[in-house]
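Asker: Mind having a look at this structure? Questions to follow.
Throughout, read-outs are computed from the coordinates displayed, never taken from laboratory work. All values reported here derive from a predicted model rather than from experimental measurement. FYI the Cβ positions are ideal-geometry reconstructions off the backbone, even for glycines, and counts take in every protein chain you see.
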């Protein structure tokens, strides 16, 4: 069949530098005129076939389009496909999907090699919009602005020339030139609010060293065990009040929730939970100490009081 011949011919061209029309015609038992039409069809499909003239001439695929299959084993290809799938989910990147399709053409193992590997770097869905906005600003070299909660729990306004997105220790960061500080900084995306990208392009030329971002070993102090709270669309509505002393920690732990700053600078969080008995919920709330208060529902306030009373009795023992 013609389709099977075209697919086979593409593989032949990928795996050989030059193939003559006569050699292809002999292999597929067709005329050279048919080979010419097949080459036209392959080119029309977007595969860059190059024609070489001369005694040793023929057809080949542009070197920049090729990928040496000997460089990648079946596990390597499957792992790359898994990673790119996760990236394309976050950024809706058509180029990543095109790369996946190319990799699938050299994945000789099918999907079996990737069954033991899964990856989700998307965090929660509310992260996606910010990540896509930031990536677009980086690609277009446009200035971004946002409000930010610093490590000192201060609300600050920043204008930044974004250079790179970084995913470290399960946390997304954006790295760039902060105009306020006149220096290069990295910002944790979970602590951003009112993020927007302007139409203003970069005027400053950034060196290769800076566009590559900070070295990982220089930023080890960012590592922590923070886990973002995943809100539910159903369940019990919870309202929390966070003091100004724990803003950064609250924004790191409770990202995918409704957040509202009060006039005094404190923070009000609203979200729904499916399981109020979750050990993670109580351990997280208790870790804030006096800097967080359950406002609603009353049943959770009562349970927190009960837990605190038990703790007091425990420490009151002689």
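Asker: Starting from the Cα of residue 8, step 7 Å along the direction of its Cβ; do the same at residue 241; then give the gap between the two resulting points in nm.
Answerer: Here the modelled spin labels are 7.7 nm apart.
Asker: Given the Cα-Cα distance of residue 63 and residue 154 and 0.36 nm per residue of separation, how much length would full extension add, in nm?
Answerer: Values: separation 91, 0.36 × 91 = 32.76 nm, distance 5.34 nm.
Net length gain for the segment: 27.4 nm.
Asker: For the pair residue 37/residue 128, report the inter-label distance in nm, with labels modelled 7 Å from Cα in the Cβ direction.
Answerer: According to this spin-label approximation, the distance is 4.4 nm.
Asker: Ok, one more. Between residue 18 and residue 277, what is the label-to-label distance in nm when each label sits 7 Å out along the Cα-to-Cβ direction?
Answerer: So the label points at residue 18 and residue 277 sit 7.5 nm apart.
Asker: Which order do the peptides 245-258, 25-38 take when ranked by the mean count of other beta-carbon atoms within 10 Å per residue, highest first?
Answerer: Values: 245-258: 20.1, 25-38: 14.8.
Result, highest mean Cβ count within 10 Å first: 245-258, 25-38.
Asker: Run the numbers for residue 44 and residue 307: contour at 0.36 nm per residue of separation, minus the present Cα-Cα distance, in nm. Provide the component values of the computation, followed by the final result.
Answerer: Working: separation 263, 0.36 × 263 = 94.68 nm, distance 6.98 nm.
Difference between extended and current length: 87.7 nm.
Asker: In whole Å, what is the distance between the alpha-carbon centres of the range 136-183 and the range 241-305?
Answerer: Spelled out, the Cα-based centre of one part sits 26 Å from the other.
Asker: Starting from the alpha-carbon convex hull of the range 236-316, give the projected area averaged over all orientations, in nm². List each step's numbers first, then the result.
Answerer: On the way: hull surface 22.2 nm².
Mean projected area of the Cα convex hull: 5.6 nm².
Asker: Could you rank the peptides 171-183, 297-309 by their average count of other C-beta atoms within 10 Å per residue, with the highest value first?
Answerer: Numbers: 171-183: 17.1, 297-309: 12.6.
For the peptides 171-183, 297-309, the packing ranking is 171-183, 297-309.
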